[in-house]
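The values are calculated or read from the model by the stated rules, or taken from the named source; none is laboratory data. Keep in mind that this is a model prediction, so the values were computed, not measured. Note that we place each Cβ from the backbone using ideal geometry, even for glycine, and neighbour counts take in every protein chain shown. When the accessible area is computed, the model is the full protein with side chains, heavy atoms only, and any ligands, DNA or RNA have been set aside. Shrake-Rupley method; radii C 1.70, N 1.55, O 1.52, S 1.80 Å.
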Amino acid sequence: MAPFDSAGAFLMMATLLPVKLLLVGLLAHGVVGSPGPSSNTGMVANAVLEDPEFTDVIENITVPAGRNVKLACSVKNLGSYKVAWMHFEQSAILTVHNHVITRNPRISVTHDKHDKHKTWFLHITNVQEEDKGRYMCQINTVTAKTQFGYLHVVVPPNIDDSVSSSDVIVREGANVTLRCKATGSPPPSIKWKRDDNTKIAITRNNSVVLEWEGDVLTLSRVSRYDMGAYLCIATNGVPPSVSKRIKVSVDFPPMLWIPHQLVGIPVGYNVTLECNIEAHPTSLNYWTRENDQMIHDSQKYKTETIPGNPSYKSVMRLHIGEVQHSDYGIYKCIAKNPRGETDGSIRLYSSSPPTTIPPSTTESITTTVPSTRVYESPYGLSTMSVNHFDKGIRYQSDYNQVDRSEHKSSDTSPNRDRSVDESNEINGATKSFIRWTTVFALMLHIFLPLNQ
């Protein structure tokens, strides 16, 4: 059998033999040569005098997983001796001289041909975490010479979904525990924060924080305010950091409140009724009259639900066009979801038309046409300017009553001036009573003709 074939038999026993014993076998079969006999005694003397030596240390290297790495072993006076690379912790011979011994396809060996084989390089491609540890470079002298270098493999964090929490749905008032497990080298640290940067309520110490450290986050007696997305962020100093988004949904039955339960509107005007709702999951919303008849969209009625922020809030609106006497009465807003239902009532009643126009929603300027009327009072004739407005303005339910304009009157009658001048002896209270009586009489003269 050829020497290299015999060496192959030894390589089959690599997992059974200690490193030094395996090297002896390789040496005996020519894979790792030793200085042979020579007929020239001068050459033997020179070989003894010039023993191989390491000329530099093996540098410790830190490399992220997935990269390629190269370890260098520099020697001088190698002569016919051989250089071997071993993984010390795994007790595995990797290379001997130009031969790759391991079956790991990611391992290779080269040497610098331009410096008389002074530097031998061990190459590891696509470095994995199991490649970390001490690497030994050995020269096969009678007493083997060795030196070590350490390969430190760092691994970016990775969140293990199989043992981490996923999206969760709970009822309001229940407890929630969120877990986040991550691997990496060095071991990563975990912190929690809310996706919208709002604070986290920690019941354990009755505090609120922007961030919470630890792989477990416990929320006790959750409320709708705890609802939202939570970020588990894993870092270990090796980029990139990773995060997992966990959504916490809090279910509760619908709740509503009504800004205005009594809404007055004149005949012929438009009106909007409103109900504010909180519910999760999203509620089914509709309107009814007092006879429980559901209101559908038509020329007269238009319903809409406007989503709010946060998502569990919304506003129900019912638009009623050109209100008639038959439209007065009770309207109900009703909200239902799988957790329950609720309703609220709004009473629509008849009121007098406004005497001033509210700010227009479509025009920035409102034009009024003043007219002057003369009224007779017990104290003489008075004049007053009255503004006339077109009917048909939109009348919002946000106002429970229509604002009245103030009408100021000026007395141009000399008769009234005389009566006031002749009352100098009347005390202040009597004068005040007379002035307010005059104003009241004028108001009667103004509004009675307008309402006819």
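Beyond 21 Å between alpha-carbons counts as too far, so tell me which of LYS132/LYS244; LYS193/LYS336; LYS132/LYS181; LYS199/LYS336; LYS181/LYS247 fall in that bin.
On the way: LYS132/LYS244 28 Å; LYS193/LYS336 33 Å; LYS132/LYS181 23 Å; LYS199/LYS336 30 Å; LYS181/LYS247 17 Å.
Correct reply: LYS132/LYS244; LYS193/LYS336; LYS132/LYS181; LYS199/LYS336.
May I ask you to derive the relative contact order of the range 161-251, considering only C-alpha pairs under 8 Å and at least 6 residues apart, and to give it as an integer percent?
On the way: 194 pairs, mean separation 33.1, N = 91.
Value for the range 161-251: 36 percent.
Enumerate the calculated ³J(HN,Hα) couplings along the range 211-220 in order (Karplus 6.51 cos²θ - 1.76 cosθ + 1.60, θ = phi - 60°), each rounded to whole Hz, writing x wherever the residue is Gly or Pro.
Values, residue by residue: 9, 10, 9, x, 7, 10, 10, 10, 10, 9 Hz.
Report the charge-dipole magnitude of the range 161-251 in Debye, nearest 20, computed about the Cα centre from +1 at each Lys and Arg Cβ and -1 at each Asp and Glu Cβ. If you can, show how the numbers build up before the last one.
Details: 13 positive and 10 negative charges, 19 e Å.
My answer is approximately 100 debye.
In the range 53-154, with Lys and Arg counted as +1 and Asp and Glu as -1 at Cβ, which of these residues, TYR81, THR95, PHE54, has the Cα nearest the positive end of the dipole, that is, farthest along it?
So the residue furthest toward the plus end is TYR81.
Per residue, how much accessible area does the range 53-154 have with a 1.4 Å probe, in Å²? Don't jump to the answer; show the numbers that get you there.
Values: 5370 Å² over 102 residues.
Spelled out: the 1.4 Å probe surface of the range 53-154, per residue, equals 53 Å².
Net charge near CYS73: determine it from the other residues with C-beta under 10 Å of the C-beta of CYS73, scoring Lys and Arg +1 and Asp and Glu -1. Each step should come with its number before you reach the end.
Numbers: positive: LYS118; negative: ASP56.
Residues near CYS73 contribute 0 overall.
If you average 1/r over all unlike Cα pairs in the range 65-211 and invert the result, what Kirkwood radius do you get in angstrom? Write out the running numbers ahead of the final one.
Numbers: mean 1/r = 0.0511 Å⁻¹.
Hydrodynamic radius (Kirkwood, Cα only) of the range 65-211 equals 19.6 Å.
Please grab the % of Cα pairs in the range 258-350 that end up more than 15 Å from each other.
Taking all Cα-Cα pairs of the range 258-350, the fraction more than 15 Å apart is 58 percent.
For the range 124-271, what value does the Rg/Rh ratio take when both radii are computed over Cα atoms and Rh is the Kirkwood radius, given to two decimals? Could you put the intermediate results ahead of the total?
Working: Rg = 27.1 Å, Rh = 19.8 Å.
Radius of gyration relative to Kirkwood radius: 1.37.
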